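In what follows, a single structure is set out as C-alpha cells and then discussed.
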Amino acid sequence: MPGPEAKPLRWDDGQWEELGRSTDAPLCYQCGSCTATCPLAEGGKLNVRKLVRLGGFVDGPKGSGPELPGLWSCTTCAQCNVGCPRGVDVVEVIRYLRARGWRRNDVPPGLRPLLWAEFQDGNPYRMPPSQRSAWTRGLSGAAAGSTDGATTVLYVGCTASYDPRAQRTARAVARLLAAAGVPFRLLGNDELCCGETPRALGVDGMFRELSARTTEQLRQLGTTRVVTISPHCFDALHAGLSRDVEVLHYSQLLDELLSSGKLKVGGERAGAVTYHDPCYLGRHHGVYEPPRRLLESAGAKLVEMPRSRRWALCCGGGGGNMWRESETEGRLADARVVEAKGTGAPALATACPFCVTCFQGAEGAGRGRLEIVDVAEVVARAVGVPG
Amino acid sequence: MTGPGGVWVYAERRGTAFRPVSLEILGRARGVADALGERLVALTAVPAEGAVQDLARFGADEVVGLVHPLLDRYDTRVYTDLLEREVRSGAPSVLFLGASRDGQDLAGRLAVRLRTGLTAHVTSVEVDPGHRLVGWVPGFGGGIEAGIVCPDRRPAIVTVRPGVFPLPVAGAARSYVRLVRPTVEAGSFGSRRVEFEPKGDTTDLTRSDVLVIGGRGTDGEFGRLQQLAHRLGGEVGATRVATDAGWIDRDRMIGQTGVVTHPKVAVVLGASGAVQFTVGIEKAGFVIAVNRDPDAPIFDAADLGIVGDLAPIVDRLVKALEGA
C-alpha cells in the first residue's frame with residue numbers, strides 16, 4: 001500500500017513505447033534477477049527491476065517523470081545483464097532513462113560542470129589540453145611514439161593522460177610496445193576524450209560528436225588499429241569509431257605479443273597476485289583471459305577471488321561515478337578490497353585506471369597492506385622495462 | 001542629497017562588521033568613480049545607525065544608511081525591495097556588490113527588477129578609453145578571461161569575487177552620511193528566524209595562501225597538521241579519504257568534488273595523489289609533498305618531495321618554525 005505521501009503515478013503507453021524503441025525494456029517480465037545480483041541493491045541504493053518498470057510511468061499531477069531512485073548511482077557494471085533471463089541490456093535502459101533526465105532537466109548537481117569540461121577542454125578533469133602529453137615524460141625513442149607511417153595508435157585516454165598514478169600504466173604500455181617492436185603513434189595534445197563519461201551519463205549527442213572527431217583524426221592518419229589503456233575508452237571507441245578501425249585493449253595486444261614471442265620475460269618475476277576483472281573489459285566485452293595469461297606469463301601465482309570473471313564485483317567507478325561523491329557506507333571498492341585480501345595475495349592487479357583509483361582510495365589498501373597494481377606494470381617488470 | 005548617477009557600492013554587514021569584500025570593493029571603486037568622473041556612494045542596510053558611521057572611513061563621497069531594527073539579518077525579498085527603491089530614485093550608473101552568498105542572491109534579483117545587466121564574479125575591473133566599465137571574469141576553469149561591459153542599461157551591476165582587491169585601511173570619517181528610515185514590516189520577510197546557530201567552520205580555503213593538506217597517511221592526526229598550518233599562517237585541507245574517515249570537516253575536502261584551491265604553497269602530507277585530488281591544487285604556486293612511499297604518484301605533482309614518516313617530519317618542521 002502506498003503511504004499517504006506517495007505520489008500517484010500514471011501508466012503512459014506512449015512513453016513505454018518510446019522506451020521500447022530505444023531499448024529492449026519491453027522484454028522484461030519483472031522477475032527481479034537484476035536486482036538480486038545488483039551490487040548496489042544491498043542497502044536499498046538501487047532497485048533495477050523497479051527502475052525498468054518506472055520507465056513507463058509518469059507522475060500524475062506533474063505529467064513528468066516519476067522519481068527514479070538510484071538512477072544516477074548505477075555504475076553500469078552490467079551485472080544485471082548477466083543474470084537477465086530475457087537478455088535485456090539493462091545498462092542501455094539506464095542510459096536511456098538518464099538521457100530522459102537530461103531532457104526533463106532532472107539531473108543531480110555536479111554533472112553539468114563535467115560536461116562543460118568535456119566540451120571546453122576535451123577531458124572530464126578540467127585539465128588543460130596542452131598538458132595532455134605530460135605523461136610521456138621520461139619516454140624516449142620508439143616508446144615516445146613514432147611520427148609517421150605507423151598505423152597503430154596508442155590511445156591514452158583522459159585518466160592515463162592526467163592522473164599521476166595512471167600515467168605510469170601508460171608509460172609501461174608504451175615501453176612494452178616499443179620493446180616488442182610495435183611501431184605506434186600518439187595523438188598527443190590533440191587526443192580527445194573518447195566520450196565514455198557523457199555516454200554513460202546519457203548524453204549521447206556529446207558522445208557522438210567526440211567519436212566523430214576522433215574518427216576523422218584517425219582517418220587522416222590512416223590508422224587501422226587503436227590500442228587503449230582504459231577499458232572505458234575501449235568500450236566507447238568500440239561503440240563510436242567506424243568499423244574499419246580495430247579497437248583493442250592493451251591486454252589483448254600484449255597477450256598476443258607474449259604468446260608470439262615478440263615480448264620475452266626475463267626480468268623480475270611477480271609473486272602471488274589476485275586479479276580483478278574491470279566491468280568494461282570483462283562483462284561488457286568478455287575479455288577475461290588475456291589479462292590472466294599476462295599475469296601468469298609474468299610469473300605470477302594467480303589466486304582467484306570467489307567472485308570473478310562474470311561475477312566480479314564492480315569497483316564503483318563506472319557510469320559517471322568517478323566524478324560524483326558516493327556515500328561512504330557500503331562503498332563497493334571497500335568490499336572488493338576485503339575480498340582481495342581474503343585470497344592472501346599481497347597484491348591486487350587490475351587493468352583499468354578507474355579500478356586502480358577506486359581501490360587505491362579504499363579502506364585497507366595501500367603499501368604494506370594490499371598493493372594495487374596494473375597488469376601492464378606487472379608485465380613491464382617481468383619483461384625488464386621500467387614500469 | 002544624492003544626485004543622479006554615481007558609482008554605488010552595496011556594503012554588506014556580517015555580524016557586527018562589514019564584510020571584507022565590501023570594503024575591498026570600496027577601495028577599488030574610488031578609482032573607478034574618479035575615472036568615470038562620478039561620485040562614490042556606499043550603501044548599506046543596518047539595524048542601528050551606529051554602524052553607518054563606520055562606513056564613512058573608507059573614502060566614499062557619501063554613505064547612505066538604510067536603518068531599521070528589523071534589518072539585523074538578510075532577507076531576499078525585503079532587501080531586494082529596499083535596494084530596488086533606492087537604486088530607482090538614485091539612478092546610479094554602476095552598482096557593485098560582493099559576490100558573497102547574499103550579494104549574489106541580491107544582484108541577480110536586482111538586475112531582473114531593474115532590467116539591466118549583471119556582470120557576475122569579476123576578478124578585476126577597469127574603465128576603458130570609451131569611458132565604459134569593463135568587468136573581467138575568468139571562465140571555464142580559468143582557461144579564458146572575458147571582458148564584459150553593460151553598454152546601454154543603467155546601473156551596470158557588478159559582483160566582485162572576495163579577496164581580489166586589497167583591503168583598504170580605514171581613514172578619517174570624511175563621507176557625507178545620509179540616513180534613510182524605510183518602512184519595513186515583519187510580515188514582508190519571506191522567512192522567520194527561529195534560532196541562529198553559527199556553523200563552526202566557515203573557513204574559505206580558496207583564500208588561504210598556505211594550505212597544509214592531509215590524506216590517509218596522516219592516520220587522522222590532524223592536530224599535528226593544525227599546528228603546522230598555524231605556524232605557517234595557513235589553513236588545513238584534506239583529501240576525500242580523510243574527510244570520509246571523519247578526521248576533519250567535509251568542507252575542507254580539496255579536489256574535483258571538493259574545493260579547487262590556488263594557494264601560494266601547498267604542503268601535502270600522506271596523500272597518494274589521484275587526479276581527483278590533484279586538480280584541487282593544480283594552480284598552487286609550490287607543492288611540497290611528504291609521503292612514506294617513494295613511489296607515491298603525488299611526487300609527480302610536487303615541486304619538492306620528502307620521503308619519510310609524517311609525524312617526525314611534521315614535528316620537526318613545527319619545532320623549526322617555532323624558533324623562526
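Points worth noting:
- Looking only at the stretch A:348-370, residues that are under 21 Å from the mean Cα position of the chain (by Cα) and not β-branched (Val, Ile, Thr) come to 13 in all.
- In the set B:Thr116, B:Thr80, only one residue is in a helix (DSSP H, G or I), among the hydroxyl-bearing types (Ser, Thr, Tyr) and farther than 20 Å from B:Val177 by Cα; that residue is B:Thr80.
Here's the yes/no breakdown for (1) within 28 Å of A:Leu114 (Cβ to Cβ); (2) within 14 Å of chain A (Cβ to nearest Cβ):
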position	(1), (2)
B:Ala186	no, no
B:Leu205	yes, no
B:Asp251	yes, yes
B:Lys264	no, no
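- Flag for B:Gly215 being closer than 22 Å to B:Val307 by Cβ and not aromatic (Phe, Trp, Tyr): yes
- Subset of the stretch B:6-49 [of a type in the set (Ser, Thr, Tyr) and assigned to a loop (DSSP other than H, G, I, E, B)]: B:Thr16
- Matching residues, the stretch B:275-294, being facing chain A (nearest Cβ under 10 Å), over 18 Å from A:Gly368 (Cβ atoms) and in contact (Cβ under 8 Å) with a residue 24 or more places away in the chain: B:Gln276, B:Phe277, B:Val279
- Any hit, the stretch A:144-161, residues being free of Cβ contacts under 8 Å to residues at least 40 places away in the same chain and within 14 Å of chain B (Cβ to nearest Cβ): yes
- The set of residues from the stretch A:115-143 being aliphatic (A, V, I, L, M), crowded, with 17+ Cβ neighbours inside 10 Å and part of a helix (DSSP H, G or I) comprises A:Leu115, A:Ala117, A:Ala142, A:Ala143.
- A:Ser130 under 21 Å from B:Lys283 (Cβ atoms) and in contact (Cβ under 8 Å) with a residue 24 or more places away in the chain: yes
- Cβ-Cβ contacts under 9 Å between residues 6 or more apart (or on different chains), taken from a first residue in the stretch A:288-306 that is outside the structural domain of A:Ile229 (by TED's automatic domain parsing) and of a type in the set (S, T, N, Q) to a second residue that is assigned to a loop (DSSP other than H, G, I, E, B) and surrounded by 20 or more Cβ atoms within 10 Å (Cβ to Cβ), are listed as A:Ser297/A:Leu263.
- Hits in the stretch A:301-324 (condition: more than 14 Å from every other protein chain (Cβ to nearest Cβ), in a loop (DSSP other than H, G, I, E, B) and more than 13 Å from A:Leu281 (Cβ to Cβ)): A:Val303, A:Glu304, A:Met305, A:Pro306, A:Arg307, A:Leu313, A:Gly319
- Where a residue in the stretch A:42-60 is over 17 Å from A:Pro26 (Cα atoms) and its partner, wherever it lies, is of a type in the set (Lys, Arg), with Cβ under 9 Å and at least six apart: A:Asp59/A:Lys7; A:Asp59/A:Arg10; A:Gly60/A:Lys7; A:Gly60/A:Arg10
- B:Ser188 surrounded by 15 or more Cβ atoms within 10 Å (Cβ to Cβ) and in contact with a helix residue (DSSP H, G or I) (Cβ under 8 Å, 6 or more places away or on another chain): no
- A:Thr75 vs. criteria more than 21 Å from the chain's Cα centre (by Cα), crowded, with 17+ Cβ neighbours inside 10 Å and more than 12 Å from chain B (Cβ to nearest Cβ): no
The values are calculated or read from the model by the stated rules, or taken from the named source; none is laboratory data. Fair warning: this is a prediction, and the values are worked out from it, not measured in the lab. Note that each Cβ is placed from the backbone with ideal geometry, even for glycine, and that neighbours are counted across all protein chains shown.
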